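Below is one structure, written out as structure tokens; comments come after it.
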Amino acid sequence: MLNEQDEHLLHTELVKVVRRMRKIKLSVLSEQVIYSEYVALSHISRYVKENPDSMGIYVSELADRMDTKISAVSRMLNSIEGKGLITRTVNVKDRRNTYVCLTPAGEQVLADSTQNMEQLRKQMIQRMGHDDVCRLIELWNKLAGIMEDEVDHVLRQQKERETPASREGEPAETEDRP
């Protein structure tokens, strides 16, 4: 078991490396799009290739694939559309849905950016080594799972403290109740 000082040092080093990773500017790999826009372009392109008869990907489907809120994806699409890289078309059968597809300029930006990203990926794996990359993925997944569990635990504790059920004689509130 670690003493408090060693535990604090580990925490500090973990925070430092996470901050260092977040500061890496992947956007320099493309002059026209930031990394999140590159990811969106990739998802749009992949969807259209998988579904060649489609008019594009729905905004809601894109948000699901990116694991992001629809409102955030819509804001991002405004930026990408402003750069002339995508078009949006309202579904005539259901005006609540909008199709998104790449323009020829969007396809070119994606191709150029993908070439840079692939070069980065290959160099990263080559320099780090396949086994170390696999181990890193395993460890990051383990850490993410632990963090998710702990955050859920803290949220449950907060909810229990906020629930007036701790008063004597009152029934506990349940999540089913409106």
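No value in this document is a laboratory result; all are computed from the given coordinates. Just so you know, these numbers come straight off a predicted model, no measurement behind them. Every residue, glycine among them, receives a Cβ derived from its backbone with ideal geometry; neighbour counts consider all protein chains shown.
Each Lys or Arg adds one and each Asp or Glu takes one away; over the other residues whose Cβ falls under 14 Å from the Cβ of residue 125, this sums to +1. Relative to its Kirkwood radius, the Cα radius of gyration of the chain gives an Rg/Rh of 1.10. Only helical runs count toward this figure. For the chain, summing -39,500 (n - 2.57) over DSSP H runs of n ≥ 4 and dividing by all residues gives -22000 deg cm²/dmol at 222 nm.
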